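Q: Please see the structure below; I have some questions.
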Amino acid sequence: MSRDMTVKIILFAFFAILCALILIPFYAVTIASFKPGEDLIRYGLNLSFDLSVMNFDNFVYLFSGNHAYFTWFFNSLLLTIVQVVLTLLVSATVAYGFSAYEFKGKNFLFICVLLIMMVPFEILLLPLYTLTHNIGLMNSYSAIVLPGIASAATIFFFRQYLRGVPKEIIAAGRVDGATEYGVYVRLILPVMKPSFAAMAILNGMNSWNNFLWPFMVLSDAGKYTLPIGLKTLLTPYGNNYDLLIVGSFFSILPIFILFVAFQKYFIDGMTAGAVKG
């Protein structure tokens, strides 16, 4: 057996094992969503496929029961859409400035962006909470959206992507009489579509699953996001596992659909290093 074939077999086995490790939890949640809540309390999450206890009662309860699940769901959906759109636009504009222009302090500012990437969000929680309280944004969606719209990681990714865009595109636009705004909107943004798709998926996942910061700033139950709402189903007075498990399963679907819809652009965006002429 040749060395190349051995390497391919090892890589195939490695990725097959990795894929199984990723799919097993999803399989367990899927199976559990068809079982009654007391089964989860008694046996926990497991991989057993027992048709005698499986039914659609949890799904019926999800869509017709008296609960606030879809309020939480649409709150999260709204926040995710707004935050992703604003983050992409702001971060792309900042990255374009770093890539296309020369100005005093440019390298220092970019180093600051890199340093921010190294700071865990937990370190910023207390000062950010104090600032949010002082400016009167507590219990509002603005408190969730605004701190993240200039994402250091997204700025860095866009800046690296734009370094592969030929500067001749910008120069040609200026020669043709386009304004700086026109060059950016008409020439640069269309080129960035793969990177937008990649960052939309990653930022969408982060926003959709965000729990800690919204939990700290939101106090109105009607504004709860999905992760917070699911957490409220576990209380010292009783646990609603019927809704929790099927709600957790249903919460995976938007991100799954988003990735499937944009996976081609996601792969292009993550691997692109230059623009083909």
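Q: Which cross-chain or sequence-distant (5 or more) residues have an amide H under 5 Å from the amide H of ILE149, H modelled 1.01 Å from N in plane?
A: Under 5 Å from the amide H of ILE149: no residue qualifies.
Q: Identify which of ILE31, ILE252, ILE17 has the largest mean-square fluctuation in a Gaussian network model of the chain, with springs joining Cα atoms closer than 10 Å.
A: The residue that fluctuates most here is ILE17.
Q: If you don't mind, there's one more thing I want to ask. Within segment 37-108, which chymotrypsin sites (Phe, Trp or Tyr not before Pro) sit in a loop by DSSP and count at most 13 neighbouring Cβ atoms inside 10 Å?
A: When the chymotrypsin sites (Phe, Trp or Tyr not before Pro) of segment 37-108 are filtered for loop state and at most 13 Cβ neighbours within 10 Å, PHE49, PHE56, TYR101, PHE103 remain.
Q: Classify the chain: rounded, prolate or oblate, from the alpha-carbon gyration tensor (a ≥ b ≥ c, eigenvalue square roots; a/c under 1.5 rounded; otherwise prolate if a/b is larger than b/c)?
A: Oblate.
Q: Could you pull out the pairs from LYS104/LYS167; LYS35/LYS231; LYS193/LYS231 whose alpha carbons sit more than 24 Å apart here?
A: From the list (LYS104/LYS167; LYS35/LYS231; LYS193/LYS231), the Cα-Cα distance tops 24 Å for LYS193/LYS231.
Q: Same structure, new question: At 0.36 nm per residue, and after removing the present C-alpha to C-alpha distance, how many nm does the segment from ALA68 to PHE15 gain when stretched out fully?
A: 15.1 nm
Q: Highest GNM mean-square fluctuation, the chain, Cα pairs closer than 10 Å: which of ALA172, ALA16, ALA150?
A: Residue with maximal mean-square fluctuation among ALA172, ALA16, ALA150: ALA16.
Q: Please work out whether segment 63-136 counts as rounded, prolate or oblate from its C-alpha gyration tensor, where a ≥ b ≥ c are the square roots of the eigenvalues and a/c under 1.5 means rounded, while otherwise a/b larger than b/c means prolate and anything else oblate?
A: Taking the square roots of the gyration eigenvalues as a ≥ b ≥ c, segment 63-136 is prolate.
Q: Ok, one more. I need the shape label for segment 1-155. Rule: rounded when a/c is under 1.5, else prolate if a/b > b/c, else oblate, with a, b, c from the alpha carbon gyration tensor.
A: Since a/c reaches 1.5 but b/c is at least a/b, the shape of segment 1-155 is classed as oblate.
Q: Also, quick follow-up: Mark the label point 7 Å from the Cα of ILE81 along Cα→Cβ and return the residues of segment 168-212 whose backbone N is within less than 15 Å of it.
A: Residues passing the 15 Å test: 204, 208.
Q: Here's something else I'd like to know. With the dipole of segment 62-274 worked out from charges on the C-beta (+1 for Lys and Arg, -1 for Asp and Glu) around the Cα centre, which of ASN206, ALA221, ASN239 lies farthest toward the positive end?
A: Going by the charge dipole, the pick is ASN206.
Q: Listed highest first by mean packing, meaning other Cβ atoms within 10 Å per residue, what order do 19-26, 222-229 come in?
A: 222-229, 19-26
Q: Just subtract the alpha-carbon distance of MET118 and ALA221 from 0.36 nm times their residue separation and send over the number in nm, one decimal.
A: Contour length minus Cα-Cα distance gives 33.7 nm.
Q: Let me ask something else about it. Which whole-Hz ³J(HN,Hα) couplings does segment 129-135 yield from phi under the Karplus relation 6.51 cos²θ - 1.76 cosθ + 1.60, θ = phi - 60°, glycine and proline marked x?
A: 5, 4, 4, 4, 5, 5, 9
Q: Another one. Tabulate in residue order the Karplus-calculated ³J(HN,Hα) for segment 255-262, using 6.51 cos²θ - 1.76 cosθ + 1.60 with θ = phi - 60°, rounded to whole Hz; enter x for Gly and Pro.
A: 5, 4, 5, 4, 5, 4, 5, 10
Taken together, the values in this text are just the output of simple stated rules run on the coordinates, not laboratory data. Source: prediction; values computed, not measured. Reconstructed Cβ throughout: ideal geometry from the backbone, glycine too, with neighbour counts over all protein chains shown.
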